[in-house]
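What follows is one structure encoded as structure tokens, with my remarks underneath.
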Amino acid sequence: MKNRLGHIIILIAMTVIFMAAPAAAQRRITPVGVPSSGTSYREKTDSVRPAGVVEQLDAKGNTILVDTITGREYIDSAAMRPSTKMIYPLINGLQVGLNLWDAALRIFGQHYGLGGAWAALSIHNRYFPFFEAGIGMADISPSNANFTFKSPMAPYFKIGANYNFLYNSSEAYQLYAGVRYGFTPYRYSINNVTVDNGYWDTSTSFSIPRRSATAGYAELLIGLNVKIVSNLSLGWAVGFHWILHESKSPYGKPMYIPGYGTRSSGLTGNLMITYTLPLNKKRSVAVDIDDNDSSSTDSTE
């Protein structure tokens, strides 16, 4: 339990650091040259923005600062950093996809889990409310035990949100932190339980009848999503999960919970294939101004 709490605290601390970093930056003005006297050089000194300095656009459309008294030009270092203003529209798109983590692991011999479908709404390409519904099942016969655990197909549901740290960057890449709450109603049974009688080398076999149960659990994730072609993306996520509440049983705790997995590890993962449906055609795009574009030059002299 202490190790699990330590992992959760580290993950939360990393998220806070990522979110706080842009706010910690300070605005600096750096003089870069004196256009008069025919000399060309750069100064790398930080200074407070002098009075009389105004913003102008150069021939390439870049924002520069010019001192109207001395003629000195400045670069605003704050303008060179990514803007904290959200450049994407409020309702930016809808992501739909499949979680193929369990399906992929079953190819390599895993005996539980199936998969799920999910949707996430893009708000400013920054916040992503999330919902997932899927199906889980299990048929596990541990090699070091004398029983078979079975859980027929049962639904699970997850609700939560993602925070995209690259919200003002290209939509082709997402680096995000996510939180989930999962819930499942399911059934399970334990079959072929063999007990050694302790004498005459005899044993007794019995089965625990199918029981109904419910469980709720939480997840914290860090993930990466990358566009591969058109609106199709692939991504993965890793994190920690833990059980919040579950039904009590006189036979002990079930070894598998749909959508959660087994109790053997606090680690969890997702393997996602995503299709993005644009919901707003108004996009913020960067436009390069051509030096030779006559429409951008002043014809008066």
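The values are calculated or read from the model by the stated rules, or taken from the named source; none is laboratory data. Just so it is clear, the structure is predicted and the values come from calculations on it, not from any experiment. Heavy atoms of the whole protein, side chains included, go into the accessibility calculation; ligands, DNA and RNA do not. Shrake-Rupley method; radii C 1.70, N 1.55, O 1.52, S 1.80 Å.
With θ taken as phi - 60° and the Karplus curve 6.51 cos²θ - 1.76 cosθ + 1.60 applied, the whole-hertz 3J(HN,Hα) list for the range 207-223 is 10, 8, x, 4, 10, 9, 8, 9, 7, x, 8, 10, 9, 10, 10, 10, x Hz, x standing for glycine and proline. Between amide H atoms placed 1.01 Å from N, distances below 5 Å from LEU94 occur with SER122, LEU277, LEU279, all of them 5 or more places distant or on a separate chain.
Computed 3J(HN,Hα) for the range 225-231, one whole-Hz value per residue from the Karplus formula 6.51 cos²θ - 1.76 cosθ + 1.60 where θ = phi - 60°, is 10, 10, 6, 10, 6, 6, 9, glycine and proline marked x.
When nucleic acids and ligands are ignored and a 1.4 Å probe is applied, HIS124 ends up with an accessible area of around 40 Å². The listed residues TRP118, TRP101, once ranked by accessible area (1.4 Å probe) with the largest placed first, stand as TRP101, TRP118.
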